[in-house]
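Single-structure report; data block below.
The values are calculated or read from the model by the stated rules, or taken from the named source; none is laboratory data. This one's a predicted model, so the numbers in the text were calculated from it and none came from an experiment. As a convention, Cβ positions derive from the backbone with ideal geometry for all residues, glycine included, and neighbour counts pool all protein chains shown.
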Amino acid sequence: MFKKKLSRRDFLKGVGVGLAALNLPAFPNRIEAAPSHSGTNPYIKYVDGKRILEPATAEKYLKRKKNFPYKIDKKSLPYRLFTQYGFEWGGNWSDRKDYQHFELPTSITEILYPNNR
């Protein structure tokens, strides 16, 4: 998949995970794992039959069976790490796809942060 095998440190430091959606201290249950090439993991949904794609330039990354650098899929390190610790992946959602989004289920978040209800 990659010419260089990425380690946890490479992904978190070298590739550049953006924690823009890590909402501390209010409700820390979401992470946007946005590598510097965040267009490779777009957000897509349909509203009234109209497709919304963010970023708009990510059209070529919608073919998720293709291999390309920084792609988050079920074989990637970010997917394996986050889901190992109970996070749900936005690429598995049926009503929309958010390939860089990881989120703890509300049931787990309420146990970890009971005062944030």
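Tell me, which residue of the stretch 84-98 that is without any contact (Cβ under 8 Å) to a residue 12 or more places away in the chain and under 15 Å from residue 74 (Cβ atoms) is surrounded by the fewest Cβ atoms within 10 Å (Cβ to Cβ)?
84
If you take the residues in the stretch 27-49 that are of a type in the set (A, V, I, L, M, F, W, C) and more than 12 Å from residue 99 (Cβ to Cβ), which one is modelled with the highest pLDDT?
It comes out as 47.
Which members of the stretch 45-68 meet the condition of being surrounded by 14 or more Cβ atoms within 10 Å (Cβ to Cβ) and touching a strand residue (DSSP E or B) at 6+ places or on another chain (Cβ under 6 Å)?
45, 53
So, in the stretch 69-83, how many residues would count as being in a helix (DSSP H, G or I) and either surrounded by 15 or more Cβ atoms within 10 Å (Cβ to Cβ) or touching a Cys at 6+ places or on another chain (Cβ under 9 Å) (or both)?
5
Can you name the condition, by its number, that residue 57 falls short on among (1) at pLDDT below 90; (2) in a loop (DSSP other than H, G, I, E, B); (3) polar (S, T, N, Q)?
Among (1) at pLDDT below 90; (2) in a loop (DSSP other than H, G, I, E, B); (3) polar (S, T, N, Q), the lone unmet condition for residue 57 is (2).
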